[in-house]
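The values are calculated or read from the model by the stated rules, or taken from the named source; none is laboratory data. Computed from a prediction, not measured in an experiment: that's the story for all the values here. As a convention, Cβ positions derive from the backbone with ideal geometry for all residues, glycine included, and neighbour counts pool all protein chains shown. Accessible surface is based on the protein model in full, side chains and every heavy atom, while ligands, DNA and RNA are left aside. Shrake-Rupley method; radii C 1.70, N 1.55, O 1.52, S 1.80 Å.
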Amino acid sequence: MAAIIAAVAEEGLIGTEPPVDVEGRAQRFGATIESDGADAAWVLEHAGRVVGNAAVAERVPGVLYLGMAILSDARGRGGGRALLNAALEYAKAIGAHKVDLEVWIDNARAIALYASAGFEVEGLRRDHYRRRDGCLRSALVMARSIRN
């Protein structure tokens, strides 16, 4: 999972910037998997190879924050939808009332996926994230209510 984050970070599609501390990230994923709380993670496999992952973290009671990453050669095959559906089903199963996320404003493919799954734009974080190179990035805040 950490290696996938590192690979996708190189593309600039997620908030994590390279170089990624793969070992440290792997430890955090391990803690998520072993936790007794609402945090959870999933992997996406294709032909026996892990090609993507998703994770949720409860930052506010009843609200899960979602992060996803899929390797470039595995995109466009329905894996993103499968990961998203797994996270939404999990949110419903644990009684969460909302799932939210942030996505770069120029990541049209991800925005379309989230919108097709019922996520709505709740706001814009304009020039909110300063990158290591000094540039500022804007992100959409998107969320979906969970009906239990």
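Name the residue, out of ALA96, ALA117, that is in contact (Cβ under 8 Å) with a residue 24 or more places away in the chain, in contact with a helix residue (DSSP H, G or I) (Cβ under 6 Å, 6 or more places away or on another chain) and not polar (S, T, N, Q). Steps first, answer last, please.
Details: ALA96 fails: in contact with a helix residue (DSSP H, G or I) (Cβ under 6 Å, 6 or more places away or on another chain).
After applying the criteria, what remains is ALA117.
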- Note on the structure: Filter the stretch 14-32 for residues that are touching a strand residue (DSSP E or B) at 6+ places or on another chain (Cβ under 7 Å) and not in a helix (DSSP H, G or I); the one that is most open to solvent (accessible area, probe 1.4 Å) is GLY15
- Evaluate the following for ARG77: is it of a type in the set (D, E, K, R), more than 19 Å from ALA93 (Cβ to Cβ) and surrounded by 14 or more Cβ atoms within 10 Å (Cβ to Cβ)? yes
- Query: Which pairs have Cβ atoms under 7 Å, sit 6 or more apart or on different chains, and link a residue in the stretch 1-12 that is touching a residue at least 24 places away in the same chain (Cβ under 8 Å) to one that is open to solvent by less than 20 Å² (accessible area, probe 1.4 Å) and among the polar types (S, T, N, Q)?
  - Reply: MET1/ASN53; ILE4/ASN53
- Message: Under 6 Å between Cβ atoms, which residue pairs at least 6 apart in sequence (or on different chains) link something in the stretch 120-142 that is within 19 Å of ALA108 (Cβ to Cβ) and among the β-branched types (Val, Ile, Thr) with a partner that is in a strand (DSSP E or B) and at pLDDT 95 or above?
- Response: VAL121/LEU140; VAL121/MET142; VAL141/GLU102; VAL141/GLU122; VAL141/GLY123
- Top-ranked residue in the stretch 47-74 [being among the small types (Gly, Ala, Ser) and farther than 17 Å from ALA110 by Cβ; ranked as most open to solvent (accessible area, probe 1.4 Å)]: ALA47
